[in-house]
1. Could you tell me whether any residue of the range 25-40 is surrounded by fewer than 14 Cβ atoms within 10 Å (Cβ to Cβ) and among the basic types (Lys, Arg)?
2. Hey, among Glu407, Glu426, Glu413, Glu393, which residue is without any contact (Cβ under 8 Å) to a residue 60 or more places away in the chain and more than 17 Å from the chain's Cα centre (by Cα)?
3. Do you know which of the residues in the range 327-382 that are of a type in the set (Ser, Thr, Tyr) and surrounded by fewer than 19 Cβ atoms within 10 Å (Cβ to Cβ) is farthest from Phe304 (Cα to Cα)?
4. Taking the range 391-438 on its own, how many of its residues are loosely packed, with under 14 Cβ neighbours inside 10 Å and at positive phi?
5. Please count how many residues of the range 128-176 are under 30 Å from Arg197 (Cβ atoms) and crowded, with 21+ Cβ neighbours inside 10 Å.
6. For the range 408-434, name all the residues that are part of a helix (DSSP H, G or I) and among the small types (Gly, Ala, Ser).
7. So, of the residues in the range 266-315 that are touching a Pro at 6+ places or on another chain (Cβ under 6 Å) and farther than 21 Å from Ala186 by Cα, which turns out to be surrounded by the most Cβ atoms within 10 Å (Cβ to Cβ)?
Amino acid sequence: PAPAMKLVEVVSSVLTAPPAVEAVTALARELGKEPVAVGDRPGFVADGLLFGYLNQAAAMYEANYASREDIDAAMKLGCGLPMGPLALLDLIGIDTARTVLEAMYAESHDRLHAPAPVLGQLSSAGLTGRKAGRGFYTYDAPGGQAVVPDALTPVADAVSGAGRAVASVGVAGSGTMASGIAEVFAKAGYEVVLAARSREKADVAKGRIAKSLERSVAKGRLTAEARDETLARITTAGSPDAFAEVDLAVEAVAEDLEVKRQLFAALDKACRPGAVLATTTSSLPVVAIARATARPKDVIGMHFFNPAPAMKLVEVVRTVLTADDVHATVRAVCARIRKHPVDCGDRAGFIVNALLFPYLNNAIKMVEEHYASLDDIDAAMKLGGGYPMGPFELLDVVGLDVSLAIEKVLHQEFRDPGLAPAPLLEHLVAAGCLGRKTGRGFREYARR
């Protein structure tokens with residue numbers, strides 16, 4: 001709504017006089033709004049980035065890759081967005097979204113802007129979203145906001161079969177993710193073995209957990225007694241051989257397929273028969289990791305988000321070989337550690353990265369084309385889209401090298417020209433400008 005939303009896109013055509021732009025920009029500021037300067041093309045900045053993302057989400061749903069509830073929960077919990085993409089399409093109006101995408105595709109000829117067929121099907125059927133009382137979801141009345149159950153609403157905790165008992169967990173790795181995941185399991189009451197390449201590295205990781213728990217005590221979120229009990233549940237080790245008796249082994253090492261395959265071959269030898277083996281990969285094929293073992297049916301993806309103690313989402317990734325009871329086990333474990341699981345198939349990017357990184361890539365292309373500035377694009381997405389961070393802020397936090405690697409995996413998997421990494425991203429990585437961790441990415445930062 002205009003009274004609440006701060007963003008105003010000031011759009012100049014090739015005929016617009018500069019004094020007119022200056023006058024309108026000044027007026028927007030007088031009204032307490034944040035003006036951003038953009039050129040005259042369909043979608044401008046905010047909708048130009050937002051609708052491509054919404055279209056990808058609709059296509060993901062149409063392909064039966066994930067349920068509407070899991071797609072929306074993944075983007076809210078994994079990216080901090082105020083609404084999931086399918087719920088947002090219902091709010092905007094599916095017919096309106098399709099019209100916007102048609103205009104964008106006519107201009108760009110980018111397949112990412114070609115409206116997903118499901119948008120046309122729903123529009124033709126009159127299922128245009130909240131205003132019609134039904135779109136991707138069903139509502140209590142035309143124009144209503146309350147979602148009501150329908151034939152597609154999942155049954156709560158409907159998981160096929162019983163899972164395996166899990167009392168102890170092994171976490172392999174010594175980085176931020178490994179220590180965060182170990183903390184999550186220990187706080188939930190599991191006995192945890194934290195193993196790294198050496199006992200010293202594992203001890204350093206446990207020290208990181210101790211500091212994290214101490215911060216929670218200082219903020220009143222945890223008692224000193226609970227802190228001590230959590231730390232007492234964690235033992236350290238210098239190799240995965242210490243996982244001989246664990247019920248669940250979770251890998252959290254470098255995002256490199258060969259490194260992970262070597263570790264899983266070691267886990268296969270070290271872990272007892274029936275133990276569940278989980279990888280935290282964010283982009284690599286889980287089945288390729290599983291095939292490094294003699295028991296691929298016991299392997300599943302558990303993609304935690306950083307920081308693991310704070311982020312509620314876990315993407316649960318089944319391969320074509322994963323056993324039903326392994327899937328049920330991980331869903332039950334997620335409930336105990338108070339995480340929200342979403343089910344994904346084993347394809348590049350899963351839900352969150354498959355929707356997030358094309359959006360980030362398109363933002364980079366806008367800068368390459370001199371369509372808008374970094375600051376204006378970031379402001380447009382925070383003020384107009386409700387994003388907690390602008391795309392360039394987020395890219396610098398994630399790391400441009402990590403972002404490029406994910407973009408390459410997505411492009412290789414789907415072979416869509418629109419997913420090819422933006423050349424500017426490749427150039428910055430080649431120059432060693434990787435974001436906050438190097439002091440320079442899309443912006444410069446003070447070195448610590």
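The values are calculated or read from the model by the stated rules, or taken from the named source; none is laboratory data. Predicted model, so just to flag it, every value in this text is computed and none were measured. Every residue, glycine as well, gets a Cβ built from its backbone with ideal geometry; the counts of neighbours run over all protein chains shown.
1. Kept after step one, since they are surrounded by fewer than 14 Cβ atoms within 10 Å (Cβ to Cβ), are these residues of the range 25-40: 26-27, 29-32, 40.
In the following step, the residues that additionally are among the basic types (Lys, Arg) were identified as 29.
Yes, the range 25-40 contains at least one residue that is surrounded by fewer than 14 Cβ atoms within 10 Å (Cβ to Cβ) and among the basic types (Lys, Arg).
2. On the way: Glu407 fails: more than 17 Å from the chain's Cα centre (by Cα); Glu413 fails: without any contact (Cβ under 8 Å) to a residue 60 or more places away in the chain; Glu393 fails: more than 17 Å from the chain's Cα centre (by Cα).
Testing whether each residue is without any contact (Cβ under 8 Å) to a residue 60 or more places away in the chain and more than 17 Å from the chain's Cα centre (by Cα) leaves just Glu426.
3. Restricting attention to the range 327-382, the residues satisfying the condition of being of a type in the set (Ser, Thr, Tyr) are 329, 359, 371, 373.
Next, only the ones that are surrounded by fewer than 19 Cβ atoms within 10 Å (Cβ to Cβ) stay: 371, 373.
Numbers: Tyr371: 35, Ser373: 33 Å.
Ranking the qualifying residues of the range 327-382, first place goes to Tyr371.
4. 2
5. 6
6. Residues of the range 408-434 that are part of a helix (DSSP H, G or I), as a first pass: 408-414, 417-419, 423-430.
Once the filter is applied, which keeps residues that are part of a helix (DSSP H, G or I) and among the small types (Gly, Ala, Ser), the range 408-434 yields Gly418, Ala430.
7. The initial filter retains those residues of the range 266-315 that are touching a Pro at 6+ places or on another chain (Cβ under 6 Å), namely 266-267, 270, 290, 314.
Then drop every residue that is not farther than 21 Å from Ala186 by Cα, which leaves 266, 270, 290.
Values: Ala266: 19, Ala270: 20, Ala290: 25.
Looking at residues that are touching a Pro at 6+ places or on another chain (Cβ under 6 Å) and farther than 21 Å from Ala186 by Cα, I get Ala290.
Matching residues to (1) farther than 16 Å from Leu86 by Cβ; (2) assigned by TED's automatic domain parsing to the domain that holds Pro341; (3) out of contact with any strand residue (DSSP E or B) (no Cβ under 6 Å at 6 or more places or on another chain):
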| position | (1), (2), (3) |
| --- | --- |
| Gly120 | no, no, yes |
| Ser123 | no, no, yes |
| Lys131 | no, no, yes |
| Gly135 | no, no, no |
| Ala141 | yes, no, yes |
| Gly144 | yes, no, yes |
| Val155 | yes, no, yes |
